[in-house]
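To start, the structure itself, in structure tokens.
The values are calculated or read from the model by the stated rules, or taken from the named source; none is laboratory data. A quick note: this is a predicted structure, and the numbers were derived from the prediction, not measured. Because the Cβ atoms are built from the backbone with ideal geometry, glycine has one as well, and the counts that use them run over all protein chains shown.
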Amino acid sequence: MPAPDSGYIGRFAPTPSGHLHFGSLLAALASYLDARQHEGQWLLRIEDLDTPRNLPGADQHILHTLDALGLHWDGPVIWQSQRLEHYHAVLDDWLQRDLAFYCNCSRQDLKTFGGVYPGTCRQRQLPADPSHAIRVRVDERLITATDRLQAPLAICLSADPGDFVVRRRDGIIAYQLAVVVDDVMQGVTDIVRGADLLDSTPRQLWLYQLLSAPIPRYLHIPLMLQQDGDKLSKRLGSTPINSDQAPASLFHALQTLAQQPPTELANAPTNEQLDWAIANWQPQRLPAAPQFNEIYPSVS
Ligand code: GLU
């Protein structure tokens with residue numbers, strides 16, 4: 001698919017560990033509105049690599065629900081599980097160039113280091129073994145990340161988390177690697193997603209450097225919390241969006257994203273709501289904090 005004249009390519013990249021719920025609708029809608037307002041493309045990628053966590057049928061539910069909401073994507077949907085050879089090619093290259101190494105430390109071995117990798121296998125030159133993890137080397141340089149909404153970050157990866165895992169011991173490609181390889185391959189220029197991923201951004205910026213790829217712009221939207229303060233997530237079994245109530249869900253999402261949609265749109269068809277929202281999208285209205293202050297009450 002040729003790049004749009006605007007040069008903007010955005011995406012929504014859900015993990016099918018559950019159905020589309022209100023929290024993921026906010027990320028989908030914000031990324032959609034930002035892409036459409038910039039006359040950009042909006043791609044859809046299913047991040048289904050963590051197979052034990054995949055919920056059968058969740059990917060189809062996500063596609064169907066986005067469609068019912070009028071959130072139509074551009075081009076074919078990509079499933080990461082069909083792209084394994086691309087991730088392995090990158091890993092082979094990094095191993096060969098000594099940018100990555102095999103590690104056979106067990107969780108138990110690492111426990112005492114409080115989540116920071118102590119460098120145990122850095123110099124050990126362990127031979128290739130499918131039951132070893134693969135880590136990328138990091139250094140002392142400060143990684144700085146800017147965001148259109150959140151405060152800038154400056155992180156020294158060698159202090160925390162140290163050389164990090166890009167292929168797990170169970171052979172599963174780590175999210176950090178797959179997301180960057182795919183965003184680079186798909187030419188994504190703008191990443192709009194939940195602020196729970198702010199933490200991952202410095203590691204991902206490191207991988208962009210290893211791939212010599214231009215870095216995207218970021219907009220991390222605040223997270224939705226349940227009344228007890230937990231993130232509103234698929235894992236918590238939050239209520240899936242019901243396609244039959246697409247206009248009401250969409251309207252509620254626009255309100256939650258602080259877009260102040262006019263009340264007469266409340267029962268309007270989704271395409272009318274979206275036309276208004278694209279023309280009036282103002283991400284700066286979102287609270288500049290990793291979490292929404294308003295607590296979303298109606299979660300079962
Ligand atoms: N697949 C991730 C999730 O559903 C999102 C990845 C991203 O937007 O970078 O939480």
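Please pick out the residue among 45, 36 that is within 16 Å of the ligand (Cβ to nearest atom) and either more than 17 Å from the chain's Cα centre (by Cα) or among the charged types (D, E, K, R) (or both).
Numbers: 36 fails: within 16 Å of the ligand (Cβ to nearest atom).
Among 45, 36, only 45 is within 16 Å of the ligand (Cβ to nearest atom) and either more than 17 Å from the chain's Cα centre (by Cα) or among the charged types (D, E, K, R) (or both).
Yes/no per residue for (1) within 30 Å of residue 217 (Cβ to Cβ); (2) of a type in the set (Phe, Trp, Tyr); (3) at pLDDT below 95; (4) touching a Phe, Trp or Tyr at 6+ places or on another chain (Cβ under 8 Å):
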position: 93; (1), (2), (3), (4): yes, no, no, no
position: 96; (1), (2), (3), (4): no, no, no, no
position: 109; (1), (2), (3), (4): no, no, yes, no
position: 124; (1), (2), (3), (4): no, no, no, yes
position: 132; (1), (2), (3), (4): no, no, no, yes
position: 169; (1), (2), (3), (4): no, no, no, no
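A quick yes/no check of all residues on (1) in contact with a Gly (Cβ under 7 Å, 6 or more places away or on another chain); (2) touching a residue at least 24 places away in the same chain (Cβ under 8 Å); (3) hydroxyl-bearing (Ser, Thr, Tyr); (4) surrounded by 14 or more Cβ atoms within 10 Å (Cβ to Cβ):
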| residue | (1), (2), (3), (4) |
| --- | --- |
| 63 | no, no, no, yes |
| 91 | no, yes, no, yes |
| 120 | no, no, yes, yes |
| 127 | no, yes, no, no |
| 130 | yes, yes, no, no |
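Could you name every one of the strands (runs of 3 or more DSSP E) located completely within region 92-167 that has at least 2 residues being closer than 19 Å to residue 211 by Cα? Working first, answer last.
Numbers: elements: 100-103, 133-136, 142-145, 153-156, 164-167.
Output list reads 100-103, 133-136, 142-145, 164-167.
What is the residue count in region 75-91 for residues that are under 21 Å from the mean Cα position of the chain (by Cα), among the aliphatic types (A, V, I, L, M) and either part of a helix (DSSP H, G or I) or more than 18 Å from residue 63 (Cβ to Cβ) (or both)?
3
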